[in-house]
Amino acid sequence: MELKRWLEHGVEAFEEWTRSYEEYETHPATEVAEEARAEAFAELTGRLRGSYPFFHPCYAGQMLKPPHPVAVAGYLAAMLVNPNNHALDGGPATSVMEEEAVARLAAMAGLEPFLGHLTSNGTLANLEALFVARESSPGRSVAIGADAHYTHARMCHLLGMRTHTVPVDGRGRTDVAALERLLASGDVGTIVATTGTTALGAVDPVHRIVPLARRYGARVHVDAAYGGFFTLLAGDPLLDDATAEALRAVGRSDSVVIDPHKHGLQPYGCGAVLFADPEVARFYRHDSPYTYFTSGRPHLGEISLECSRSGAAAAALWLTLRLMPLTREGLGGVLAAGRRAALRWAGLLDGSPHLEPYQRPELDIVTYYPRTEPAALSRIGAASREVMRRGMEARENPVFLSVARIDADAFARRRPHVARDAEDTHVLRSVLMKPESEPYLDRLHRRVMDLARPTP
Ligand SMILES: *Cc1c(COP(=O)(O)O)cnc(C)c1O
């Protein structure tokens, strides 16, 4: 069904529900003049045109795409009510939907039993996991992979936790031998592993990190904000064996963060944190003089750090997972298309006269750079930024890419022949997270090739 019909249904259902209560007068204070409304709305929609076309496969840059129409419809239907999932006082219906949706995420991650809830985003979800880590192993430090999301260091700073950076290997994955040397010092209380780094989509070997952590009495937190949903492909030949094994081991960790607003087809405002030990609820214990009065059941706000939180986000996720379940055939089909596109593009780039792959994609992020003469970091960086700029500014058939900064050591590990004339460089980066990227791939490749072709 098309989006308009879905939205109409949501509005109708809401109006029908409001009519089931006693009639009341609306107040003129909230009225807006019809003409002014039309004008203001036209200005809004006009200004929104200043956005990048995230919906189109010519947008092959950052991790951005519009939500699925089902999620929009679910969100709107609930937003008209505007429930607050902090407490059952504010979100009696949508809190239960949140519990059901989160249980599905936990089952996908392999956590049973579990404790968890949705959050406003992945950063806050990671903050909660690090907070619980701090309370569980007071005074001990956090080991974070060098390619982990930059917010981990910020959140640890906020929490007053000391951190160590663990080097990564030639594919951007946490170096397990270096991690073990660090663990041997006895100082590390928590390891942050990432299944799907934001820049390269590298998947840390969780299956090797967990046993190591257990030996040294450390916790493992898995940041699967971006990569979590790829667990749906863990039994599929589309993923490398080591990647699949790492994803399958996520359920053996102590906490996991997954962002439904990344690969779960949701609008922004939807992260999730999951804990393996439901007893960690004790670290959240607090009371509120205003809430938690309508029900003796646990309120979500009693196990989360945020107060007000959108119940509509929970409704949107609940509806989406009902219609596109967390199975290989359900949501897995969306991830598989992006993964196939990434693999195929890597193959095309390998044989390209003007472009070179930076590294083989592990999930659906493709990294590549224009070939330059001579091959030197400074030239590659400048050429990458130039391709991005010219692609965006093209009058006809623009193409939207992103760049990632790569330090000289990391680059040298993949491409030792490239002259090291700078501390770091930029490579092009495309997250192929829309299934539409698959049928569009040849056009995308041709466009980027044209942009990278040296001008005579
Ligand atoms: C996006 C991302 C985050 C941050 O999540 P937000 O929802 O943007 O706050 C953290 N970790 C990883 C691996 C991510 O990809």
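The values are calculated or read from the model by the stated rules, or taken from the named source; none is laboratory data. No experiment lies behind these values; they were computed from the predicted model shown. Here the Cβ is made from the backbone with ideal geometry for all residues, glycine too, and neighbour counts use every protein chain on show.
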Legend entry - Of residues in segment 254-295 being away from the ligand (no atom under 11 Å from the Cβ) and of a type in the set (Lys, Arg), the one surrounded by the most Cβ atoms within 10 Å (Cβ to Cβ): Arg282
Legend entry - Filtered residues of segment 110-134 (kept if in a helix (DSSP H, G or I), surrounded by fewer than 22 Cβ atoms within 10 Å (Cβ to Cβ) and more than 16 Å from the ligand (Cβ to nearest atom)): Arg134
Inset, instruction - May I ask you to verify whether Gly251 is within 11 Å of the ligand (Cβ to nearest atom), assigned by TED's automatic domain parsing to the domain that holds Thr174 and buried (at least 20 other Cβ atoms within 10 Å of the Cβ)? - result: no
Inset, instruction - Find all pairs meeting these conditions: Cβ atoms under 6 angstrom apart; at least six residues apart or on different chains; first residue within segment 264-290 and in contact (Cβ under 8 Å) with a residue 24 or more places away in the chain; second residue in a strand (DSSP E or B) and surrounded by fewer than 18 Cβ atoms within 10 Å (Cβ to Cβ). - result: none
Legend entry - Pairs where the first residue, in segment 182-198, is assigned by TED's automatic domain parsing to the domain that holds Ile209 and the second is more than 15 Å from the ligand (Cβ to nearest atom) and charged (D, E, K, R), C-beta under 6 Å, 6+ apart: Gly189/Arg140; Thr190/Arg219
Legend entry - Leu323 being under 30 Å from Pro83 (Cα atoms) and of a type in the set (A, V, I, L, M, F, W, C): yes
Inset, instruction - Go through segment 41-96 and count every residue that is closer than 25 Å to Arg5 by Cβ and hydroxyl-bearing (Ser, Thr, Tyr). - result: 4
Inset, instruction - Those residues that are closer than 18 Å to Ala106 by Cα and among the aromatic types (Phe, Trp, Tyr), I need them from segment 284-326; list them, please. - result: Trp318
Legend entry - Leu159 being of a type in the set (A, V, I, L, M), surrounded by fewer than 24 Cβ atoms within 10 Å (Cβ to Cβ) and over 17 Å from Val132 (Cα atoms): no
Legend entry - Flag for Leu76 being among the aliphatic types (A, V, I, L, M) and within 16 Å of the ligand (Cβ to nearest atom): no
Inset, instruction - Quick one: in segment 418-456, of everything that is in a strand (DSSP E or B) and without any contact (Cβ under 8 Å) to a residue 60 or more places away in the chain, which residue is nearest to the chain's Cα centre (by Cα)? - result: His426
